Structure formats: C-alpha cells, structure tokens
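The values are calculated or read from the model by the stated rules, or taken from the named source; none is laboratory data. This structure is a prediction, so every number in the text was calculated from the model and none was measured. So basically every Cβ, Gly included, is an ideal-geometry build from the backbone, and we count neighbours across all protein chains shown.
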Amino acid sequence: MEHRESHWIPGKEEGRRLESRVLEERIQQAVGNGRHFLKVKAYGQHGIGGRLWRAGTDPVYLEIHGSPGQRVGSMGFPNTRIEIMAPASDDVGWLNAGAEIIVHGHATNGVANAMAQGKIYIAGNVGARAMTMTKHNPRFDPPELWALGSVGDYFAEFMAGGIAVVCGYEAQDPANILGYHPCVGMVGGRIFFRGPHKGFSHVDARLVPVEDQDWEWLVKNLRVFLEKIDRSDIIGQLSLREQWQLLVARSHLEKGIKPRRSMAAFRQDVWAKELGTGGLFGDLTTLDRNPIPVITTRELRRFVPVWENRKSVPPCEASCPTGMPVHERWRLIREGRVDEAVDMALAYTPFPATVCGYLCPNLCMQACTRQTANMAPMDVKQLGKASLDAKLPQLPSLTGKRTAIVGGGPAGISVAWQLRQKGHEAVVFDMEKTLGGKITSVIPKSRIPEEIIRSELERVRSALPHVHLQQRLSREDLEQLKVDYDFVVIAVGAHKPRILPVPGKERIIPAIDFLRQSKQDQGKVGRRVVIIGAGNVGCDVATEAHRMGAEEVTLIHYRRPPASGEEKEAAKAIGAKFCWPCFTKAVTEEGVELTTGEVIPADTVIIATGHQPDVDFLPETVTTERGFIVVNEFYQTTDPQIFAIGDAVKLGFLTDAIGAGRKAAHAINDILAGKEPRGDTRQVIDYSRVKLEYFDPRLMRFDDIQECAEQCTSCGTCRDCGICIAICPQGAIRKKENGNEDFEMVVDPDKCIGCGFCAGACPCGIWNLVENEPLV
Amino acid sequence: MSSDGRIAPSTLSVKDLPWQIHWDKDKCTLCGHCTAVCPVHAIELGVYRKRVVKTSVGLKETPSNVYQVYHGIRQKTDPAYSCVGCAMCNLVCPNDCIMPYRSDEADKLRYHINRGGQPRRRGGRRNVPGGILDQIKFIRISMLTDPALDAGRHEFELRTLLGRILPPEENLKLVREEGWIPPVREIYPLIIGAMSFGAVSPNMWEGLQMGVAYLNEELGMPVCVSTGEGGCPPRLLRSRFLKYVILQIASGYFGWDEIIRDIPEIKEDPCAIEIKYGQGAKPGDGGLLMWHKVDKLIAAIRGVPPGVSLPSPPTHQTKYSIEESVAKMIQSMCMAWGFRVPVYPKISGTTTALAVLNNLTRNPYAAGLAIDGEDGGTGAAYNVSMNHMGHPIASNIRDCYLNLVKVGKQNEIPLFAGGGVGKSGNLAANAAALIMLGASGVQVGKYIMQAAAGCLGSESDRCNICNIGLCPKGITSQDPRLYRRLDPELVAERVVDVFLSFDTELKKIMAPLGRSTSLPIGMSDAIGINDKAAAERLEIRYVV
Ligand SMILES: Cc1cc2nc3c(=O)[nH]c(=O)nc-3n(C[C@H](O)[C@H](O)[C@H](O)COP(=O)(O)OP(=O)(O)OC[C@H]3O[C@@H](n4cnc5c(N)ncnc54)[C@H](O)[C@@H]3O)c2cc1C
Ligand code: SF4
Ligand code: SF4
Ligand code: SF4
Ligand code: SF4
Ligand code: SF4
Ligand code: SF4
C-alpha cells in the first residue's frame, strides 16, 4: 500500500552520523515498504537517492535536507525525483539513468558525468567537468542538464549526447560562462548557452543558429526549469532569443576535414610571396626545378646511347702490324663481294698470299675476339691464299715526287708499293739478283710453294718498273741518292750474323748462309747437327738440315727456347731435340762444349742467334743503336730525309716489315703534302663489348671463306644485323640510309629512355651508353 | 671475370656481393626501366645463349644440339658497379620481376671496395640496426596518481627553451638594472638538424624549409631547422622565415661572407647560431664536397667559384684550446647579431663532452650544447669513421645532464641530443627517452630524409650512396635529372605530417605520465630498461 505522507529518514542516529551504507539500506527499505515520499536529512552520505527501483513504476519523491555527499542521485531511476534543498557536492546525477534531480543551490564538479537519461536542474553555478561523457540512448529521451549560472572548466568533455542549457544568470565568471576549454572530444548533443565564452574546441564542436523549433523547445522547457527552481520571476530576463547561442558536436565527417591551408596554396600565397617567384633559389638560378618522372627521355635522360660505328679498331686489325682490316674483308664476303674482299688486301700489302696465306704467324687470329671464349678464330689463312688472284687497282699517275728505296725485301717492296699507290715514284735498289729479300733467299721452300712467291713478285714488278738489282750501295751512293730523290728509305734487312766469341767460332756456320745455300739445294750437313739458338730461324734451320740428310738435330738455347708456331712444330716433327739452358764454351771437332763441361757431339754447328744489319754505308747523320737504325714512330731516322724500316730497325716478322713500309709511306706522303705525319689514334675495342653469345661455340672449323665470314663478330663495325632496332623497348632506333651504301643507326631522343639495351644487345659492340651532358 | 676469362684477386661472383639481383625471365617484358633507373649501373641487358641437346627416348634418333639466344637483365659483378640494394629497379618494374636480395652471409665485396688504396666512403649512418633508445620503456603510468590526461584532447605544453636561462634572482636583478639578459627562444623540441645545402639537393632543402615555415605559420608549432654548414640562400636570409632557422657555422665557414654582407638586409633575427665542432657520424673527420657537386647554385650560396672541391677541415683553424674554441667563437657569433641571438656549439658524442659542458656553464654567452651521437647520419664519410667512431648518445647526454644537476644548472643550459633518434622508426619514443634522460630537445636528420623524402638508406647498408651524387630519390644529388624527382611541396607536406604525428605520439607518452604543463626533461623516474647494466649506467630503473 502507498503511504502519501512524508517519511523522515535522519542521517544521524543517537548523535552519530550514519554510514552511507546504512542510510542507503534504510532508504531502500522504506521504498520497498511502499513509502514513496521521503525526506532525508543528509550528513555528507554518498550516492543518496539512486537506484530506487523497488517502487516499480510508482513515482518516488526524495527531498534532501542538510548536505548530501558526492554522487547524489547517481544511477537514478526514471521514477525518482530528487530535490536537494541546499548546494550539492561532486558528481550530481552520476550515471543517471532517468531521475529528475533539482539542486536549489550551486553544485560542485562533475555534475551529470556519464548521465544517459533524466534531468538535472541546478539553481546556481556548476563546477568543472560538468556534462562530461553524457549519452543519448535512442530508446529514451535525451538527458538534460540545466544550470542557472555558469559551468566550470572542461565542460562537456566527450559529451556524446543530451542537452545542456547554461543560462549564465549571475555567473561565477560573467566573462566566460562556459569555463576553460569546453567541448573537448564532444561527439554528440547540444548546448544552449546565454552569455560570453572564451572559446571551445572547434575541432569537436561548432556554433549553429538557434532555429525556431529550438527556440520553442528552449522557451517551453526554460519555463519548466525556472518553475522547478522557484525562479519563474526571471523568465522575462532569460527569454531574449538574441542572447542565446547553440553549440552542437561536429560529425565525424566534419572532423575529417581539418581546415588547413593546402601546401600548394601556402607555397603560392605565403612562401613565394615572401621569397619571390621561383622560391628559395629563384634569384640564383633559372634552372627548371619542377618535378619530373623517374623514367625520362630527351635531355632528361641520365644516359644516352651513341652509335660508335668504326670508332674503335677490332682486335684483329689492331694486332696486325700491316694493319689489315680483316673484319672488313669478312664483311665484303658476307655481302657476296668476294672479289672486292680479295682485292682489298692489296691496299695494305703486296704479299697477301705469301704472308697472310703462308708465312705469317697470323697475329690477327691470335687476337681474334673469338679466342677469348675458346672459339675458333677467323681463319685468315684461307682468305690469304685466296688473295693470290687479287687484281692490282688502277695506279694513279705520277706526282713527280721520287723516293729511293735501298733494299728490295718485304719492307722495301711494301714502302715502294704504298708510295706508288699514292702516285709517288719509288725506285728500289737491291744488291741481290732477285727481289724479295729473305722471302726469296732464305725462307725454306717447305714453308711456301715457290710459285706463290713468284706470282706475287710478278704483281709487284708490274707496279714497280724501276728496280735496280745487284746494286750494293756505298756511302757515296747514298749521299747521291739524297740529292737525286726527295726521300731515301733504308730497308736493307739484317744479314750480318752474330758470331759467338768462343774458341772454334770459325767452325760455326751462320744460319742465313746455311739457309741461302739449302734453298738452292746446295751445301752439306753432317749426320749430327747442333743449332745454337732455338728460335724460329733455328727451327727452319733444323727442318732444312733434316731435309739435307742430318739424322740428329739438336737446338740449344741459353734459356727457354722462344720458338713457336708452325716452325717449332715442323722442327719437332723431324725429331729435333731442344736443350736448355746451355751456354757454349767452345766449338771443337767433337761438337759443342758447354760451360758445364758437357759436350754435345756435332758434325755441323749452325748459329741462329739473330742477325744485324750492315749499316756501314749509312751517312753519319743517321744514328744507330746496338747496330740497328734509330727511328721515330713514323720510321724517320735522325736524318729527316732518310727513313728506315724492317729488320734494319728491329728484327721482326714479315708483317712487321710490311707494316713499317706502309706507315713510312703514309708519313712520306703526309710530308710531301705539307702535313704533319699522323698515326692511327683509334682505340682497340674492349673485348667485353662484343657479344659472342650470338654464335655457335661448337663450330671449330670453317669449310670455306663464306662460312668463316658468317662467324666474324665484326668487332666495332656494324653488321647491320638489326638487333638494336628490334631490342629497343621504345622503338627509338632506325636505320638511316646516307646513300652510297652508307648508313647509320639513329636514335629518336623523344623516345629513348637511356636504358642501354641497344648497347647490351649489339653483337659488335657499336653502341655505347654515355653520360648525358650535364644540365648545370 | 674479365672478358678473356681470367680472374683477378678482386674478381667477384654475384654470390660475393652484398645485394643480389633476382630476375624473373618469365615475367620480364624487357621494358628497360630497371637499367635506365639503376643509380649505379649495376644491371645491364645481357645476351644469353641457351643450349638444348635433343635426344630421343630410347636413343632411336641421333641426338642433336640446338642453341637459342635470349636477352635478359644481368647483374654486374665489377666492384665498381656493385648493386647497392636501393630497389629502384623494383620500383619502376611494371611486371614486378626484379628484386635485390641481401646476401645470406657476410659479403666479399667489403674486402675489395678500396681500389687504388682508397678506403670505402659512403653516406648514411652506422651500419648497426637498433640501439639502446629503443629499449627504454616509459614505466610511470600515473593515471590514478595524477590527473588523468588524454593525449588526443588535452592541451600540452611541448615547447622547450633554447638559450641561457638565468636563475630567477639574477634575472630579476638584471631586469631592475636594465642589464643584458641572454636571449632565449621557445622552440619545438624536435629540431631538423643540420643538412647542408650541397649535401642535400635544392628541392630537398626548399621542401624542408617550406615545411618548417608552414608548421610555424599555419599550425603555430615553433619548429626550427638548422642550415648545416653550406651557407644560407640570400632569399631565406632576407625573409621573415629566417626566424625559424638556426644558422650553422662550421670549420669550412662556407657562405659566411655572404651572410655577413646580408646582415644589413636581414629583417628577422635567426632562431639561433649553431657552431659545429663535430658530427656524430664522423667524429674528428672533416667534410669534402667534391668538385662535381659544386655547381653554380651551391657555389653562389657558399660564396666560392663553381667546380672546386670544398673541404671542411676536421677542426676549426685558429683555435688552440677549449677555452678559445668555445669562448672566442661564441663571443664572435653573439656579437654578429648584437647579442640578441642564442649561440651554442654542436659537438660529436665523446667522453670529453663533460669538459666542454663545464666550460660552457662558466660562459654566460653559451646558449646550450648540442651533442650528436654515434648513430648520426652524414652525406659522406669514411666507412670506418661511421661504423666505429663516436659515442652513443644516451649515456653521453645522461652524464652531461647529471653533471648539470650536480652543479645545480640543469635548468640553465639546455642540452640537445642527436644521432640515431628515430633510427628504427620510433621517433617520438626515442625523443621522449632522451628528453627524460636530460635533453631539452632532439635533432633529427636521417629520419626526416626517410620520412619526408623517401630516403632508401638503412643500417643494413642499403643504398647509402649519398656521397656520390647519384641519390635515386633526389635527396642528396645536385643533378637536376635526379633531384627533380623530388617535389619540394610534397616534401614540405611530409615534414608537416611528421611533426603532427610526432606531436600526438609525444603526447601519448606524456599524458599517462600526467605531464602536460612542461616537457618532462630529466624526468628519469618515468623510464626504465630491462638491461641491468644499462640501467645502472644511465641511473634509471631496471625493469623486467
Ligand atoms: C730463316 C728465316 C725465316 C723467317 N721466317 C719468317 C716467317 O715464316 N714469317 C715471317 O713473318 N717472318 C719470317 N722471318 C722474318 C722475315 O724474314 C723478316 O722479318 C723480313 O724478311 C724482314 O724484311 P726486310 O725487308 O726488312 O729484310 P730482308 O728480307 O732481309 O730484305 C733486305 C733486302 O735488302 C737487301 N740489301 C741489304 N743490304 C743492302 C745494300 N747495302 N744495298 C742494297 N740492298 C741491300 C738484301 O739483299 C735484301 O733483299 C724469317 C726470317 C728468317 C731469317
Ligand atoms: S671476330 Fe672478326 S672482327 Fe673480331 S677480331 Fe675476329 S676477325 Fe676481327
Ligand atoms: S635501347 Fe632504345 S631506349 Fe634504350 S638506350 Fe638504346 S635507343 Fe635508348
Ligand atoms: S645491333 Fe646490329 S645493326 Fe645495331 S649497331 Fe649493332 S651491329 Fe649494327
Ligand atoms: S637495387 Fe638499386 S643498385 Fe641494385 S640493381 Fe636495382 S636499382 Fe640498381
Ligand atoms: S623493369 Fe622489369 S620488366 Fe622491365 S626490363 Fe627490368 S625486369 Fe624486365
Ligand atoms: S636514398 Fe639518397 S639520401 Fe637516402 S641513402 Fe640513398 S642516396 Fe642517400
């Protein structure tokens, strides 16, 4: 049953304050007993008036006198109405779930903290952190907090719902009725306030106009509020619409957009304005500093490809003393121009068949790039042999300039040959009966068929009509030549044997003498032959001695024998023995006595330790050193009118002698034309630029010059294979015809990205990727 | 191998290299992007010959041999072109088929990067990942014992003081007597440390300055940046942005005649003057800006002719004792701006830091001391200096701070710590740890390069080619073809991002400590470490 009369519950008993727990029990008990109108005299007890659920749906009215403690009405129920007749302590209506709480005075900190339903009416000012963490559960009406005066600092922190009304009447701080830093973290709810404020969290909340329906609500409920706190008298004062403002929480969408100036705008409006156009460095540089992509074209490429066709010399040509452009000949053959390939040789040598085909150790082949990968080198011997049929080109008419050449060996013939091709008259003098020097006189017949030499010498004779044989020139003759000719070239070879200063030296036969005789099938050898000096000449002597009937042939040398190539193989084939180190002490009837006391039995002893030129006839203006003539890089002697080439300068191969002749002829031609003589300044191509992977490594023999030509990588000279055009990812390369079968590969800078694929793929090493020109 | 198949002592295989390129033939479209972008030309197009021997089952037919040729990406093994692991190739590869992988064992290249007797030089920092700063924990969580703070919502005072702070009595006395009071700046505790114009590219430099200006003017964060030793562009000197700038003077004195001549035109005092005596990455070693980096722009700013190498000697000339070094130099620099600008020295971490500090405490003109620890970055140094020279920053700053405490001057002369702050990406935690160990603020360089410009460098020796002008990100190159990859505006934006997120993170650390009204400088009761020896050494709590 319901008891309408009020029921007093004192907070003190027998002069002693009741514990909060006991008071709570008594209140709950009273409500349970149907007492719904309670008056409590409070003495600071905690949490009075909350959780009065025992009344069911019946309303419960609680009037609190004295001073309640913290959290009055906390966890209040919707049926409960609490009226505090005095000021209230902290956390009024904490976690309020529906109670109506009226405070007839001020309230300290934490009012309505975490309130979700119900209403709190405060007749005065409110302390810090009021209306914080409040919620609005959509199942119920939003909670409300009404404060007649002002609110303290950190008001409405994390407010997530509900309505707060701050009337600003007789505020504690009339200049700021919302306290310091309100609305931080506010995500929901609305705050009506009347009076000045000192800012709120703009990130979280914003001011909105008070709309008509808001105003209607406010005025209606303001009346209720004032009635509850018995201040209906000031309704007129408080209901001036223009005095009211409304704060609402920003939505998460609004919060996402931070009202910040964009960097672009800052750069333009602040940065450049203060610094000037071009920014920080605009006054110091006009360089474009605007952003660019990572992969770039044109002048922005870091690297650019360069088509370096024929810029460097292939290893074959570079290592050939004659300077034969072997690869060009292979190219001509690939192009089906075999005749041209063959004839081309004559521009470089008068003896393409004799030398390239037979007598040359083929330095070009030794250097061939293919060798670096253990692949068979280009077989230039085949090409050499095919050159026997080479046709002499049309000779130019004579310029009137004349050169005398002393010595008609390969060196002398080469220089004459070259000079004649340049239109200068060349007159050759030789003391022998035949032209050709050592080729004709001493190199064994076994090395080369005689008709080859004859045939090539005939070709020489057809180009050089002025040959004076059996003319041993003296010093006076030479002086006369200097007067009669523009230049004199000394090409006398080296024919003076080096004699060992040992007892019995008169028993030793010089190699040259021996070979010269054997070539005529003359001269005799004993059964046992010892050859002092185991070089290639020694080997030739050994094979010839064997041919002449020697049974035991021994070559001795003071160190490891330098013999190599075909000569060495031939000597070994006839069973010649190589002994070293051997130092000859004497030559006796028994044979060769060594410094060790050992005697190598010999019937014939031949010396092949090299020869020296006979330079007695040279004028004093020509300096010699250790018996050889001193020359500069153009084979000019210390007498500028006299050149010297071949073995007379330095012992070497035929190709060395021929090459020297060619270079000397170039120099003479340059000087005659009034120019400084020029050498070849081209670099040899780096092997690593050539790509042998395109070729079959198992091809070890070439059946004919055609097959051979296909396998030449053409180091440094474009094969026109089209690989670069095909590989370029940008399609930037095209072939440009320049007429006369001349062409070049050109790159479109608008397309090229400088990837270097062309350089990586080119079999011939033509493309080079170089750093682009600096931009600064 | 050389092309003729020979090997030399320094002939290496891919296996010997620190970074090995894995390339996927199936996926590659041979677009050429990777070879075009590779900064060091470590890769090229290769021609491959593939052999297939065709044999029939049962050997019924005569076996045949077929060769095919294909093209692909090949890694060079010449030490001069060894891959630096930057992965730019991967970045530009449209088909994701190329990637550098770190060798699974110590590389052999390291024994050969000294061609011509020239030891290895590089950029970056000490090639040792991690460090003590990452191990320091913030253990004082005072949510109940102090008012609870929320990092995201509450206001925090994060500013720090740069300048000589006099004791209050003295200050008041001077105010009364209208005497000289040392200048003090309120600055943000995260300072962008010295990266000279020249070491970094114009676009990078402008981006940093722009970001700093934005932070100051748009967001009210008093962030400042040191110029480094390469001088200061005249436009910056004459702008109001100069007040965010710490002008550095180092042993090379580059650009200082230009600065002096500009003094009459300067409308705002700079934030401070930093006198550089040492750098953590290469203590006791000078700098050398190679002639090829000295283009017209750098030359103009440094006040030298273009195309000459610019050495900064290891030491300042004309200073023969610590007293001189400190007193003479500080006095001169104070005088330059009429004693209105704080002047402080920067030294490399060293056991002698205490001696320097003691000296500074007696010098009323000394505005602070910056110490750069062994993990500091550099644009160019000898590998040996970077990897093995220098003092760790934590104990160095701690010793200095405790020494100040001993003489009662911890609130008077601020210490700034640098070198490896944020090395593992933990910028705020490292900064907070240093602050609680006693630093008033921290300086960062490498972190900014990484976070604001995408620097690829790492302590696993990735990239680190800042010294050769080929920076693939355009950060440390003077070649417009490279530095134009970097948009100053985007760098500035990233600088802003870095500071804003740092700000939140620092608050996240400070809030639970219950600190919001001032930086927790020297608040070492809030930190701990689970390494007993380190705890003892740093005089902080040992926690397990
Ligand atoms: C046995 C032997 C085998 C060789 N085998 C090979 C080989 O297989 N492959 C190879 O590449 N190289 C070989 N050589 C080297 C090659 O012979 C020489 O390099 C080359 O002959 C040098 O040519 P030359 O014109 O300078 O001298 P020579 O060929 O000696 O010609 C000099 C000419 O000058 C003449 N002469 C000398 N003095 C005078 C004078 N005062 N007045 C007028 N005329 C004079 C001589 O009669 C002679 O005809 C061999 C050398 C020898 C000795
Ligand atoms: S491959 Fe051809 S071009 Fe190259 S070196 Fe050999 S012959 Fe000469
Ligand atoms: S392959 Fe094409 S894109 Fe690459 S460098 Fe050569 S021309 Fe330029
Ligand atoms: S790839 Fe072929 S066509 Fe292109 S430059 Fe090289 S050789 Fe000539
Ligand atoms: S990782 Fe860098 S250095 Fe290595 S190949 Fe790729 S781009 Fe070149
Ligand atoms: S970038 Fe990728 S797809 Fe293009 S060539 Fe290089 S590896 Fe191949
Ligand atoms: S990206 Fe640039 S700055 Fe970073 S490590 Fe590489 S070269 Fe140095």
Next item on the list: Check the stretch B:59-72 and report whether any residue there is in contact (Cβ under 8 Å) with a residue 40 or more places away in the chain and either in contact with a Gly (Cβ under 9 Å, 6 or more places away or on another chain) or outside the structural domain of B:PRO100 (by TED's automatic domain parsing) (or both).
Entry: yes
Notebook entry, point to check: Of the residues B:LYS15, B:LYS25, which is more than 12 Å from chain A (Cβ to nearest Cβ), out of contact with any helix residue (DSSP H, G or I) (no Cβ under 9 Å at 6 or more places or on another chain) and assigned to a helix (DSSP H, G or I)?
Noted result: B:LYS15
Checklist line | Members of the stretch A:763-772 that are within 9 Å of ligand 4 (Cβ to nearest atom) and either over 17 Å from B:ILE43 (Cβ atoms) or facing chain B (nearest Cβ under 9 Å) (or both) | finding: A:PRO763, A:CYS764, A:GLY765, A:ILE766
Notebook entry, point to check: Tally time: how many residues in the stretch B:394-417 are assigned to a helix (DSSP H, G or I) and either without any contact (Cβ under 8 Å) to a residue 40 or more places away in the chain or within 19 Å of B:ILE347 (Cβ to Cβ) (or both)?
Noted result: 12
Margin query: Pull out all pairs, ordered by first then second residue, where Cβ-Cβ is under 8 Å, the residues are six or more apart or on different chains, the first lies in the stretch B:88-107 and is more than 12 Å from chain A (Cβ to nearest Cβ) and under 10 Å from B:LEU17 (Cα atoms), and the second is in a loop (DSSP other than H, G, I, E, B) and more than 12 Å from ligand 6 (Cβ to nearest atom).
Written below: B:ARG102/B:PRO18; B:ARG102/B:GLY85; B:ARG102/B:SER460; B:SER103/B:LEU17; B:SER103/B:PRO18; B:ASP107/B:LEU17; B:ASP107/B:PRO18
Margin query: With the condition being of a type in the set (A, V, I, L, M), I'd like the strands (runs of 3 or more DSSP E) fully within the stretch A:423-526 carrying at least 3 qualifying residues.
Written below: A:425-429, A:487-490
Notebook entry, point to check: Taking the stretch B:40-71, which residues are surrounded by 15 or more Cβ atoms within 10 Å (Cβ to Cβ), within 24 Å of A:VAL770 (Cα to Cα), facing chain A (nearest Cβ under 9 Å) and of a type outside the set (Asp, Glu)?
Noted result: B:HIS41, B:LEU45, B:GLY46, B:VAL47, B:HIS71
Notebook entry, point to check: Would you call A:ASP703 at negative phi, part of a loop (DSSP other than H, G, I, E, B) and not assigned by TED's automatic domain parsing to the domain that holds A:ARG370?
Noted result: no
Next item on the list: Could you grab me the full set of residues in the stretch A:18-55 that are among the basic types (Lys, Arg) and either crowded, with 16+ Cβ neighbours inside 10 Å or under 18 Å from A:ILE84 (Cβ atoms) (or both)?
Entry: A:ARG26, A:ARG35, A:LYS39, A:LYS41, A:ARG51, A:ARG54
Check: So, in the stretch A:734-758, of the ones that are crowded, with 24+ Cβ neighbours inside 10 Å and within 12 Å of ligand 4 (Cβ to nearest atom), which residue ends up farthest from the chain's Cα centre (by Cα)?
Finding: A:CYS758
Notebook entry, point to check: Just wondering, is there one or more residues in the stretch A:227-249 that are within 14 Å of chain B (Cβ to nearest Cβ) and farther than 30 Å from A:TYR61 by Cβ?
Noted result: yes
Note to self: Here's a check for you: in the stretch A:376-415, which residue that is more than 52 Å from the chain's Cα centre (by Cα) and part of a helix (DSSP H, G or I) is surrounded by the fewest Cβ atoms within 10 Å (Cβ to Cβ)?
What the structure shows: A:GLY412
Next item on the list: Looking for whichever is without any contact (Cβ under 8 Å) to a residue 24 or more places away in the chain and within 14 Å of chain B (Cβ to nearest Cβ) here; the options are A:ALA205, A:ALA264. Which one fits?
Entry: A:ALA264
Notebook entry, point to check: Yes or no: B:GLY420 touching a residue at least 40 places away in the same chain (Cβ under 8 Å), out of contact with any strand residue (DSSP E or B) (no Cβ under 9 Å at 6 or more places or on another chain) and within 14 Å of chain A (Cβ to nearest Cβ)?
Noted result: no
Checklist line | Residue identified as under 30 Å from the mean Cα position of the chain (by Cα), more than 14 Å from ligand 3 (Cβ to nearest atom), surrounded by 21 or more Cβ atoms within 10 Å (Cβ to Cβ) and assigned to a loop (DSSP other than H, G, I, E, B) among A:CYS715, A:CYS721 | finding: A:CYS715
Notebook entry, point to check: Can you tell me which residue in the stretch A:300-327 is nearest to ligand 6 (Cβ to nearest atom), limited to those that are of a type in the set (Ser, Thr, Tyr) and assigned to a loop (DSSP other than H, G, I, E, B)?
Noted result: A:SER312
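Condition check ((1) modelled with pLDDT of 95 or more; (2) under 27 Å from B:MET436 (Cα atoms)) across all residues:
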residue	(1), (2)
B:ALA492	yes, no
B:SER518	no, yes
B:GLY522	yes, yes
B:ASP525	no, yes
Item checked: Filter result (away from chain B (no Cβ under 13 Å), hydrophobic (A, V, I, L, M, F, W, C) and touching a strand residue (DSSP E or B) at 6+ places or on another chain (Cβ under 9 Å)) within the stretch A:286-339 -> A:VAL306, A:TRP307, A:VAL313, A:ALA318
Next item on the list: Might you check whether a residue that is more than 12 Å from every other protein chain (Cβ to nearest Cβ), without any contact (Cβ under 8 Å) to a residue 60 or more places away in the chain and under 30 Å from A:GLY357 (Cα atoms) occurs anywhere in the stretch A:698-717?
Entry: yes
Margin query: B:GLY228 - would you say it is free of Cβ contacts under 8 Å to residues at least 40 places away in the same chain, away from every other protein chain (no Cβ under 12 Å) and under 17 Å from B:ILE298 (Cα atoms)?
Written below: yes
Margin query: Tally up the residues in the stretch A:572-611 that are charged (D, E, K, R) and surrounded by fewer than 15 Cβ atoms within 10 Å (Cβ to Cβ), please.
Written below: 3
Next item on the list: Output the qualifying pairs, or none if there are none: Cβ atoms under 6 angstrom, residues six or more apart or on different chains, first residue in the stretch A:118-141 and closer than 11 Å to A:VAL92 by Cα, second residue surrounded by fewer than 21 Cβ atoms within 10 Å (Cβ to Cβ) and not acidic (Asp, Glu).
Entry: A:TYR121/A:LYS228; A:TYR121/A:ILE229; A:GLY127/A:THR108; A:GLY127/A:ASN109
Check: Can you name every residue in the stretch B:191-225 that is facing chain A (nearest Cβ under 10 Å) and in a loop (DSSP other than H, G, I, E, B)?
Finding: B:SER201, B:GLU218, B:LEU219
Notebook entry, point to check: Just for the stretch A:734-776: of the residues that are closer than 21 Å to B:VAL92 by Cβ and β-branched (Val, Ile, Thr), which one is farthest from ligand 1 (Cβ to nearest atom)?
Noted result: A:ILE753
Margin query: Tell me yes or no: at least one residue of the stretch B:530-542 is at pLDDT 95 or above, surrounded by 20 or more Cβ atoms within 10 Å (Cβ to Cβ) and in a helix (DSSP H, G or I).
Written below: yes
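Yes or no, residue by residue, for (1) modelled with pLDDT of 95 or more; (2) surrounded by fewer than 24 Cβ atoms within 10 Å (Cβ to Cβ):
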| position | (1), (2) |
| --- | --- |
| B:GLN410 | no, yes |
| B:ALA429 | yes, yes |
| B:LEU437 | yes, no |
| B:VAL442 | yes, no |
Next item on the list: Output the residues belonging to the stretch B:231-244 that are assigned to a loop (DSSP other than H, G, I, E, B) and over 16 Å from B:ALA300 (Cβ atoms).
Entry: B:SER239
